[in-house]
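Scroll down for the structure; my scribbles are underneath it.
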Amino acid sequence: MPLQLGREDIAGAVVLVVKDGKVLFAKGYGYADVEKKIPVTPDGTLFRPGSTSKLFTWTAVMQLVEAGKLDLDRDVNDYLDFKIPATYPQPITLRNIMTHTAGFEETIKSLWVPTPSDLKPLREYLIEHMPARIFPPGVTPAYSNYATTIAGYIVQRVSGESFDDYIEHHILNPLGMQHSTFRQPLPDNLKSLMSSGYTVGSEPSKPFELVQPWPAGSSSMTAMDLSHFMIAHLQDGKYENTEILKPETARLM
């Protein structure tokens, strides 16, 4: 890792391996902040794992399936307060969304926004930025941040909690992930732990990115926190004494 960081001009990185329900190896390399020489640590440095965020959204969906509040094979329009046009005879389902076969064109417009005040509520974003449906559902794999954001909005509508609150109350807090959040900008208690973002380590850092379709990619987490989630999924929904999914639900997921 030190060789790779030096050769590729990377500021810092973290590696964590889990095995048999425990952390086998965890180590930080390089700097979370190059200028201030703050080292990366597995439990004290927040990184942004990007689209790994989607797994939290889909875990939330599966919790609501388990509770009988969602059906993986029902038309998602039944759960929305706006309508996805019927381009094809087959409706889009949550099963399509979770297997990236909803059939939407992928778009990058407004994936990131410049300031917190530019972040729109999920409903507004979904209505304004609905992409074209270019494949029938369930046929062609086509990655979709938009479709995952629909799933996050459905979680919000069906649970009665804001998406960020739901993820905290039902996944992050039960798993003891105290240094993790989907919130943007970061809560005050986590700001000092956030690694600076670099294109390359030898150049100045970039500002914290604001992800508009946040159920698809806005999480900020430490590697140690993320290990709790990894272990839960590797152990059929259970981490230590906490069960976030029943074994049969975890296996279905």
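Here the accessible area of the range 29-168 is 55 percent carbon and sulfur, with a 1.4 angstrom probe and all protein chains present.
Based on the Kirkwood radius over alpha-carbon pairs, what is the Stokes-Einstein translational diffusion coefficient of the range 84-197 at 25 °C with 0.890 mPa s viscosity, in µm²/s? Using the Kirkwood radius from Cα pairs, D works out to 153 µm²/s.
Normalised by residue count, the range 155-203 yields a Cα convex hull volume of 112 Å³ per residue. Rg over Rh for the chain works out to 0.98, both radii taken from alpha-carbon positions and Rh defined as the Kirkwood radius. Which of Lys37/Lys206; Lys19/Lys238; Lys54/Lys238; Lys69/Lys109; Lys37/Lys109 have a Cα-Cα distance over 24 Å? The pairs that break the limit, which is 24 Å between Cα atoms, are Lys69/Lys109; Lys37/Lys109.
Using a probe radius of 1.4 Å on heavy atoms only, what accessible surface per residue do you get for the chain? Whole Å² is fine.
With all protein chains present, the chain gives 49 Å² per residue.
Taking Leu16, Leu94, Leu175 as the candidate residues, the one with maximal mean-square fluctuation in a Gaussian network model of the chain, Cα springs under 10 Å, is Leu16. The C-alpha atoms of the chain define a longest principal axis, and helix 223-234 lies at about 40 degrees to it.
Once the Cα atoms are used to define both axes, helix 145-159 deviates from the longest principal axis of the chain by about 70 degrees. Reported to the nearest whole Å, the Cα centre-to-centre distance from the range 179-253 to the range 2-74 is 6.
For q values of 0.18, 0.31 Å⁻¹, compute log₁₀ I(q)/I(0) with the Debye formula on a Cα-only model of the range 1-55, without solvent. Debye curve over Cα of the range 1-55, log10 I(q)/I(0) at q = 0.18, 0.31 Å⁻¹: -0.70, -1.17. Angle of helix 53-66 to the longest C-alpha principal axis of the chain, folded into 0 to 90 degrees and rounded to 10: 40°. The alpha-carbon positions of the range 25-143 define a convex hull whose volume is 178 Å³ per residue. For the chain, the mean residue ellipticity at 222 nm estimated from helices alone is -8000 deg cm²/dmol, where every DSSP H run of n ≥ 4 contributes -39500 (n - 2.57) and the total is divided by all residues, rounded to the nearest 500.
The convex hull of the Cα atoms of the range 32-89, projected and averaged over all directions, covers 7.6 nm². For Thr181, the amide hydrogen comes within under 5 Å of the amide hydrogens of Ser220, counting only partners 5 or more places away or on other chains and with H modelled in the peptide plane.
Divided by 2.2 N^0.38 Å, where N counts the residues, the Cα radius of gyration of the range 155-253 comes to 1.22.
Strictly greater than 12 Å: what percent of every Cα pair in the range 58-100 meets that? Provide the component values of the computation, followed by the final result.
On the way: 559 of 903 pairs.
Within the range 58-100, distances greater than 12 Å cover 62 percent of Cα pairs.
The values are calculated or read from the model by the stated rules, or taken from the named source; none is laboratory data. In this text the structure is predicted, and so the values were computed from the model without any measurement. When the accessible area is computed, the model is the full protein with side chains, heavy atoms only, and any ligands, DNA or RNA have been set aside. Shrake-Rupley method; radii C 1.70, N 1.55, O 1.52, S 1.80 Å.
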